[in-house]
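Derivation of every value follows stated rules applied to the coordinates shown; laboratory data play no part. Keep in mind that this is a model prediction, so the values were computed, not measured. No Cβ is skipped: glycine too gets one built from the backbone with ideal geometry, and neighbour counts run over all protein chains shown.
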Ligand code: A2P
């Protein structure tokens, strides 16, 4: 995922380089970064797309972490933080992205095609990792928009189901069409050769929209506050005894969801001090 709260709106549009197969482009790739090949691109709406690319042999990450993804724009690399949406065991890398018409990176990234080259800095990092949570029974993943990306990784990682009896992924978007990435993902897991058995009935998906009719509507914060989330899922309200949380979304959503988890008695954790919930702040400007 990527947010552009701090992106400069008046930035002059510069032309993206041709794909890296040309020697001219290859010569410009900065030292110490990976240059990977785009394998597949899927567009969902005029605001959302995902892509898959080759994974460098030496690139290790924990499911839920993010990396700096970039393109050469003119003769300069432009990078933004992106959660890796594929799980740690996957041979390829997947990313889910917003399209910002004048975004310094996404205005170019949204045009990539299979065979093109995408840059990636070598060191992944992030707080939405299982290691940052203390043991619990039920793991909530709260996401809005492209904030579902780190959870797309974690719900495809068998370790998530070794550590938790129940995994609840909430995804709130403005419109139904924006839920498609998440809906496809659940379908993929249900039909997956080995994941289907590992996941079993432990994974619950709770998609909601705020600006159209749908089976579930409303902001997740309202649905936590009025208890509808728990009634719909048939689970007790949030408690630090059994429940753990991960949050990824816009700055306001992070703030409001955090306040509700704290009100329920959960304490924030980090890589160095595991706790009852974690937040990814890297994407918010
Ligand atoms: P809403 O339509 O009521 O603004 P965005 O595309 O702006 O990032 O929003 C994605 C989703 O997150 C929308 O459904 C939006 O609802 C919701 N949202 C925005 N702000 C908050 C917030 N503070 N708490 C919970 N959900 C939010």
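On full extension of the chain, what length is gained from residue 29 through residue 197, given 0.36 nm per residue of separation minus the C-alpha to C-alpha distance?
Using 0.36 nm per residue and subtracting the Cα-Cα distance, I get 56.2 nm.
Report, to two decimal places, the Cα Rg of segment 163-285 normalised by 2.2 N^0.38 Å (N = number of residues).
1.10
Can you tell me the 0 to 90 degree angle between the C-alpha axis of helix 251-263 and the longest principal axis of the chain, rounded to 10?
20 degrees
Quick one: if the Förster radius is 35 Å, what FRET efficiency do residue 222 and residue 270 give, using the C-beta to C-beta distance and rounding to 0.05?
E between residue 222 and residue 270, to the nearest 0.05, is 0.80.
When the chain is fully extended, how far beyond the present Cα-Cα distance does residue 252 get from residue 39, taking 0.36 nm per residue of separation?
Roughly 73.3 nm would be gained on extension.
Put a dot 7 Å past each Cα toward the Cβ at residue 259 and residue 175; how far apart are the dots in nm?
Going from the residue 175 label point to the residue 259 one covers 3.0 nm.
Using a basic spin-label model with each label point 7 Å from the Cα along Cα→Cβ, how many nm lie between residue 281 and residue 122?
Here the modelled spin labels are 2.8 nm apart.
For 97, 143, 86, what's the fewest-to-most ordering of other Cβ within 10 Å of each Cβ?
Ranked by crowding around the Cβ, least crowded first: 86, 97, 143.
Per Stokes-Einstein, at 37 °C and 0.692 mPa s, what whole-number D in µm² s⁻¹ belongs to segment 44-87, with the Kirkwood radius over Cα pairs as the hydrodynamic radius?
My calculation gives 264 µm²/s for D.
If you fit an axis through the alpha-carbon atoms of helix 180-190 and take the longest principal axis of the Cα set of the chain, what angle between them do you get, 0 to 90°, nearest 10?
70 degrees
For segment 225-243 and segment 29-101, what is the centre-to-centre distance using only Cα atoms, to the nearest Å?
The two parts, judged by their Cα centres, are 35 Å apart.
For the chain, what does -39500 (n - 2.57) per DSSP helix run (n ≥ 4), summed and divided by total residues, give at 222 nm, in deg cm²/dmol to the nearest 500?
Result for the chain: -5500 deg cm²/dmol, rounded to the nearest 500.
Which of 117, 170, 242 moves the most in a Gaussian network model of the chain with Cα springs under 10 Å?
Result for the chain, Cα springs under 10 Å: 242 fluctuates most.
Which value, in nm² and rounded to one decimal, describes the direction-averaged projected area of the C-alpha convex hull of the chain?
Approximately 14.7 nm², given one-decimal rounding.
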